[in-house]
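Heads up, the thing below is written out as structure tokens.
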Amino acid sequence: MGQAREAMDRLTEAMTTSRDTDAIAECFAQDAVAITPEGELRGRDAIANYMAEFTIALPDSAFDQEHQYEVGDTAVDEGWYLGTNTGPLKLPDGTTLPATGKSVRIHGCDVATVEDGRIVDYRLYFDQLAFLEQLGLAPTPG
């Protein structure tokens, strides 16, 4: 296992087991860049704060991995992020919604490029509409 896989595994552990913001931050380089469904984040603190919002909103979260890859300095994880929304959910505009008590199971993919053991470039892809629908915060089709 190379350093990219190790860094991605540390991030998954920090997000779903320890739920520790400092541990999340330690996975990223100080000048890391992340692309998320909500847009671009620059810097370790901004990325860690974004990721920590999921651990607050879904404190029982888990990641059900389907595929994992490592090629050179890049690791890729594909799978299902799941949990119950028992904490407040911070929206991209800064407003906060109270917990819905509903469970979610969202398909997604993470891509992390690593240098010196830390993530320098991170890409997160997941279906925001399905996330909001499962929380009852968006109209369901039909």
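The values are calculated or read from the model by the stated rules, or taken from the named source; none is laboratory data. Note that the structure is predicted; figures quoted are calculated from it, not measured. When we count neighbours, we look across all protein chains shown, and the Cβ atoms used for this are built from the backbone with ideal geometry, even at glycine.
Give me a count of the residues in the stretch 46-79 that are within 24 Å of residue 100 (Cβ to Cβ), out of contact with any Gly (no Cβ under 6 Å at 6 or more places or on another chain), of a type in the set (A, V, I, L, M) and surrounded by 18 or more Cβ atoms within 10 Å (Cβ to Cβ).
2
Among the numbered criteria (1) touching a Leu at 6+ places or on another chain (Cβ under 9 Å); (2) closer than 24 Å to residue 32 by Cα; (3) loosely packed, with under 14 Cβ neighbours inside 10 Å; (4) not charged (D, E, K, R), which single criterion is violated by residue 98?
(2)
Would you call residue 110 over 18 Å from residue 13 (Cβ atoms) and of a type in the set (Asp, Glu)?
Taking the combined requirement at face value, the residue does not satisfy it.
Can you tell me which condition residue 117 does not meet? The list is (1) of a type in the set (Gly, Ala, Ser); (2) in contact with a helix residue (DSSP H, G or I) (Cβ under 7 Å, 6 or more places away or on another chain); (3) more than 24 Å from residue 43 (Cβ to Cβ), and all the others hold.
Tallying (1) of a type in the set (Gly, Ala, Ser); (2) in contact with a helix residue (DSSP H, G or I) (Cβ under 7 Å, 6 or more places away or on another chain); (3) more than 24 Å from residue 43 (Cβ to Cβ), residue 117 fails exactly one: (3).
Please indicate, with yes or no, whether at least one residue in the stretch 66-74 is on the phi > 0 side of the Ramachandran plot and at pLDDT 95 or above.
Taking every residue of the stretch 66-74 in turn, at least one turns out to be on the phi > 0 side of the Ramachandran plot and at pLDDT 95 or above.
Pick from the stretch 26-45 the residues that are closer than 18 Å to residue 91 by Cβ and surrounded by 15 or more Cβ atoms within 10 Å (Cβ to Cβ): which of them is nearest to the chain's Cα centre (by Cα)? Can you show your working first?
Step one: list which residues in the stretch 26-45 are closer than 18 Å to residue 91 by Cβ, which gives 34, 36-41.
Of the ones still in play, those that are also surrounded by 15 or more Cβ atoms within 10 Å (Cβ to Cβ) are 34, 36, 41.
Values: 34: 10, 36: 9, 41: 13 Å.
Per the criteria, the residue is 36.
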